[in-house]
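Below is one structure; the comments refer to it alone.
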Amino acid sequence: MPDPRFFESLPPLRVGELARRIGGEVARGGDRMVAAVAPLASAGPEDVAFLGDRRFLEALKTTAAGCVIAPAAASDAAPPGAALIVSGEAQASWARASLLLHRPCDLAPIPVAEAAEDETVRVEPGVVLGSGVRIGRGTRIGANSVIGPGVQIGRECVVGPNVTVGFALIGDRVKLYAGVRIGEAGFGAAGSRGGPVDVPQLGRVILQDGVTVGANSCIDRGAYDDTVIGENTKIDNLVMIGHNCVIGRNCLLAAHTGISGSVTVGDGVIFGGKAGIGDHISIGEGARVAAGAGVLANVPAGETWSGYPAKPIRQFLRETVWVSKQASGKARAGKTDE
């Protein structure tokens with residue numbers, strides 16, 4: 001179930017009605033009631049899950065979901081006790097189901113006194129605080145910032161001007177500099193006959209104690225699970241972190257680093273400026289990613305990778321020297337021919 005501090009649950013639906021509204025066909029269980037959406041692995045008896053890729057066929061076979069949405073070719077793998085909606089665009093149908101069962105809470109602004117732990121909280125002009133916001137002792141919120149409904153901010157934090165924070169739980173001593181965007185919807189789209197369909201992002205962002213986020217950087221909330229930034233990690237200006245990423249403790253991310261969705265980063269990792277990381281990649285503890293590197297494979301702990309596509313730095317340097325020698329040799333040969 002999405003966090004009720006951030007998402008409102010809408011009335012439950014019968015599977016038959018749900019199928020009609022999302023463009024699927026009921027194969028069985030049309031009278032069953034469903035109340036939420038969830039991934040296959042964590043879905044329960046009142047949840048709707050989906051199979052979008054045959055890689056997750058085993059998860060479909062063992063899911064506890066009350067209803068599953070799957071293509072016709074995979075319908076035999078659905079648990080016999082689950083209601084089944086057959087759809088040729090299962091992920092898009094699930095996205096439509098998400099919109100019918102959940103929606104973000106309204107902002108519903110509240111006064112500072114209702115949100116602040118005590119009088120040491122400072123809120124500058126133009127700040128908007130949503131319903132359910134809590135702000136810890138000694139925290140300062142800069143001018144024209146918007147703190148969305150349900151957000152929890154710890155003690156001794158600094159939130160700069162023109163910052164937006166939503167769908168987030170923030171620890172103590174966190175610094176968010178000017179223009180930071182925390183908790184925007186992650187980039188997710190599902191193909192359908194009518195064109196791409198936005199996949200609702202129902203997760204959160206968790207910033208642990210001591211995190212710093214530089215000006216105009218963006219950290220997206222999870223698609224369903226959380227995006228997590230570990231304790232004391234320092235993020236430079238103009239950094240992008242996609243949904244479902246888990247970044248370890250004491251990491252350093254230089255400006256213009258871009259991390260795609262569902263990346264896992266160990267403790268103490270350093271990213272040089274303009275490093276780019278592909279989705280669903282793991283980077284081991286203590287690894288280094290050089291400036292401008294494009295990482296398309298898992299990086300083992302303690303290694304330094306460089307280049308595009310990135311590879312261990314010694315290999316990258318050997319190949320660079322070899323290419324340089326080949327180019328120099330051809331240039332000399334060309335001059336001799338002349």
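The values are calculated or read from the model by the stated rules, or taken from the named source; none is laboratory data. Because the structure is a prediction, the values reported are computed rather than measured. Cβ atoms come from the backbone with ideal geometry, glycine included; neighbour counts cover every protein chain shown.
In the range 158-170, what residues are within 26 Å of Asp106 (Cβ to Cβ) and surrounded by fewer than 22 Cβ atoms within 10 Å (Cβ to Cβ)?
Gly160, Pro161, Asn162, Thr164, Leu169
Has the range 142-154 got at least one residue that is among the hydrophobic types (A, V, I, L, M, F, W, C), over 20 Å from Leu107 (Cβ atoms) and either in the same structural domain as Met240 (by TED's automatic domain parsing) or at pLDDT 95 or above (or both)?
Taking every residue of the range 142-154 in turn, none turns out to be among the hydrophobic types (A, V, I, L, M, F, W, C), over 20 Å from Leu107 (Cβ atoms) and either in the same structural domain as Met240 (by TED's automatic domain parsing) or at pLDDT 95 or above (or both).
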Across the range 176-211, what is the number of residues that are surrounded by fewer than 18 Cβ atoms within 10 Å (Cβ to Cβ) and part of a strand (DSSP E or B)?
3
Looking at the range 236-255 only, could you name the residues that are farther than 14 Å from Ile277 by Cβ, of a type in the set (A, V, I, L, M) and under 18 Å from the mean Cα position of the chain (by Cα)?
Leu238
Filter the range 243-280 down to residues that are in contact with a His (Cβ under 6 Å, 6 or more places away or on another chain) and crowded, with 18+ Cβ neighbours inside 10 Å, then give me how many there are.
2
Would you be able to say whether some residue in the range 38-45 is of a type outside the set (Lys, Arg), surrounded by 16 or more Cβ atoms within 10 Å (Cβ to Cβ), at pLDDT 95 or above and touching a Gly at 6+ places or on another chain (Cβ under 6 Å)?
no
Among the candidates Ala65, Ala83, Ala70, Ala74, single out the residue that is over 23 Å from Arg193 (Cα atoms) and in contact with a helix residue (DSSP H, G or I) (Cβ under 8 Å, 6 or more places away or on another chain).
Ala83
